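A quick write-up on the structure given underneath.
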Amino acid sequence: MVGAVRELIALLAAGATGLVVGGLSTAFYFTLAGLGIGLVFHVAGWATFTYAVRDDRIELRRTLIGRSVKSIPRDRIRGVDVSTSLPHRTLGLAVVHVDAGSEGGEGTLNAVSRREAERLRRVLLDRAADEPAGGGAPPRRVLARMRRRWFVYAPLSGAYLLTPFALAGSLLGTLYNLGDDLGLITRERVETVGHEVVGLPAAAVVALAVLALFALPVMSVIAFSLFNWDFTVAERNGSIVAERGLATRRSVTLERRRLRGVELADNPLERLGGVRRLGALVTGLGDAAHRGRLLPAAPRPVAEELAARVVGAVPGPLRRHPRAARGRRVVRAVAPPGAVGVLAVAAGRPWIAAACAVLALLAVPLGLDRYRQLGHVTDGGRLSVRSGSLKRRQVVVEHGAIVGWRFRRTLFQRRLGLATLDVAVGAGDGGYPAIDMSEEDAVAFAAEITPDWVRPFLEK
């Protein structure tokens, strides 16, 4: 019915706009007819959709035109997410998204009562019984909650700095298309606006640029607040529940028994501010970048404390990689602009060659920082590997989650006695590399964690 209400609002808005702009024209009647058909379709879809929770599966049935039955096995369900947009909250409803991975598929129930949404989440994720003892809601323990003063960390992340541009572009595109359809935008009007903008004095252009420069951080904080308002991570009924959002409130449930580790990520600006982002590594989790988010931006001690509550203490300190890896990291950073510069010199493009030379010089500290960030360690129960500079990632993985190892040695690595050890994990990206370890350390590291797997391949 939420879809029907939206169609009804769109129908009234289109009718009012059509009357103001074009009067009772043919296009006006066609617009009303199309939106009316959409309204009827939503109402019919709501009336012909049913669902049932069985002992071993959940069934979603649609009988609008043809009969469709979708069955999702309960033992395949990876997560049950509940989201509530502003119209849903107004009507006391919620959207339930059931994710069963690539094998079980997924299903959406839009929209059910909020009490029914919580019941479905509890029932579908509880393997032992459909209802908790006593019939009440399971206890909820808050693990971490984002503080509002942390919203100022938003400008440190490039993603939120670009969000205002994406929103503005989408809004301008929508307004342009609407104005073009209604005849409000013509070539003469566009040329007039263009001439007026070009004709502005230089001082006005500089003032607008400075205003935009100061507005970007503010807009990034606003966008960050909309997506992550009251970000709360809690433990309930054997699951980790992350809730966030202002206009649309989203609740993501991650089963602890499928949790294999965590990922701590940051960039140079966030490192200067002492900020880290935390994500969960969960088997079979779709859209892991968003659904696995545990903290979007928080002080480093807070992120590490939450990681310890989820999978255990972060192992440390990290073991440094050999000096041969430093030269390799610098060469790999300098090589791309250096190669382009050589081609520019051969092609007689001195300005491009000069620019590439500057980039190559700037790449030297980048390569050195990439080397400093390399590291690996194990504490007997969990391992941790770290790499990257512009996007630094440190993963903490339980030993029991490792499903295999892969040793990689390129021609240049073999000459330097280096190797890359890939840790294969059935969660997250599937594998995480420990880059440019010494060959002996790579073998010893894998043998220390899974000796039975590595011993048959060792020389006696």
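Among the residues examined, Ala442 does not qualify as over 30 Å from Val331 (Cα atoms), surrounded by 20 or more Cβ atoms within 10 Å (Cβ to Cβ) and out of contact with any His (no Cβ under 8 Å at 6 or more places or on another chain). Of the residues Glu235, Glu270, the single one that is in a strand (DSSP E or B), modelled with pLDDT of 85 or more and open to solvent by less than 70 Å² (accessible area, probe 1.4 Å) is Glu235.
Out of the residues in segment 75-93 meeting the condition of being hydroxyl-bearing (Ser, Thr, Tyr) and open to solvent by less than 60 Å² (accessible area, probe 1.4 Å), tell me which one is modelled with the lowest pLDDT.
Ser85
Test Arg257 against the criterion of being part of a strand (DSSP E or B), of a type outside the set (A, V, I, L, M) and open to solvent by 40 Å² or more (accessible area, probe 1.4 Å), and give yes or no. So Arg257 does not fit the description; no.
Rundown of residues vs (1) hydrophobic (A, V, I, L, M, F, W, C); (2) in a helix (DSSP H, G or I), yes/no style:
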position: Ala298; (1), (2): yes, no
position: Val302; (1), (2): yes, yes
position: Ala308; (1), (2): yes, yes
position: Gly316; (1), (2): no, no
position: Gly327; (1), (2): no, yes
position: Val334; (1), (2): yes, yes
position: Val340; (1), (2): yes, yes
position: Ala353; (1), (2): yes, yes
position: Ala357; (1), (2): yes, yes
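Residue-level check: of (1) in contact with a Phe, Trp or Tyr (Cβ under 8 Å, 6 or more places away or on another chain); (2) at pLDDT below 85; (3) open to solvent by 90 Å² or more (accessible area, probe 1.4 Å), Tyr160 misses just (3). Return the residues of segment 45-74 that are at pLDDT 80 or above and not in a strand (DSSP E or B); say none if nothing qualifies. Answer for segment 45-74, where residues must be at pLDDT 80 or above and not in a strand (DSSP E or B): Arg54, Asp55, Asp56, Arg74. From the list Arg293, Arg372, Arg386, the lone residue that is modelled with pLDDT under 95 and charged (D, E, K, R) is Arg293.
Among the numbered conditions (1) of a type in the set (A, V, I, L, M); (2) surrounded by fewer than 18 Cβ atoms within 10 Å (Cβ to Cβ); (3) modelled with pLDDT of 95 or more, the only one that Leu343 does not meet is (3). Considering only residues in segment 406-439 that are at positive phi and surrounded by fewer than 19 Cβ atoms within 10 Å (Cβ to Cβ), the one that is modelled with the highest pLDDT turns out to be Gly417. For the residues Ala325, Ala333, Ala308, the requirement of being among the hydrophobic types (A, V, I, L, M, F, W, C), free of Cβ contacts under 8 Å to residues at least 12 places away in the same chain and open to solvent by less than 60 Å² (accessible area, probe 1.4 Å) singles out Ala308. Taken over segment 244-278, the criterion of being among the small types (Gly, Ala, Ser), in contact with a helix residue (DSSP H, G or I) (Cβ under 6 Å, 6 or more places away or on another chain) and more than 29 Å from Leu93 (Cα to Cα) is satisfied by Gly261, Gly273, Gly274. Can you work out which of the residues in segment 140-157 that are part of a strand (DSSP E or B) and open to solvent by 30 Å² or more (accessible area, probe 1.4 Å) is modelled with the lowest pLDDT? Looking at the filtered set, the residue picked out is Arg140.
The condition of being surrounded by fewer than 17 Cβ atoms within 10 Å (Cβ to Cβ), within 30 Å of Leu294 (Cα to Cα) and touching a Ser or Thr at 6+ places or on another chain (Cβ under 7 Å) does not hold for Gly388. Filter segment 195-232 down to the residues that are of a type in the set (A, V, I, L, M, F, W, C), open to solvent by 40 Å² or more (accessible area, probe 1.4 Å) and modelled with pLDDT of 90 or more and list them by number. Across segment 195-232, the qualifying residue is only Trp229. For segment 94-113, the criterion of being surrounded by 16 or more Cβ atoms within 10 Å (Cβ to Cβ), at pLDDT 80 or above and either over 28 Å from the mean Cα position of the chain (by Cα) or in a helix (DSSP H, G or I) (or both) is satisfied by no residue at all. Number of residues in segment 287-305 that are open to solvent by 30 Å² or more (accessible area, probe 1.4 Å) and in contact (Cβ under 8 Å) with a residue 40 or more places away in the chain equals 5. Here the condition is being in a loop (DSSP other than H, G, I, E, B) and under 24 Å from the mean Cα position of the chain (by Cα); of Ala427, Ala434, it holds for Ala427 alone.
Take Asp452 and decide whether it is part of a loop (DSSP other than H, G, I, E, B), open to solvent by 70 Å² or more (accessible area, probe 1.4 Å) and not aliphatic (A, V, I, L, M). No: the conditions fail for Asp452.
The values are calculated or read from the model by the stated rules, or taken from the named source; none is laboratory data. Keep in mind that this is a model prediction, so the values were computed, not measured. Virtual Cβ from ideal backbone geometry, glycine too; neighbours counted across all protein chains shown. Note: areas computed on protein heavy atoms with side chains; ligands, DNA, RNA excluded. Shrake-Rupley method; radii C 1.70, N 1.55, O 1.52, S 1.80 Å.
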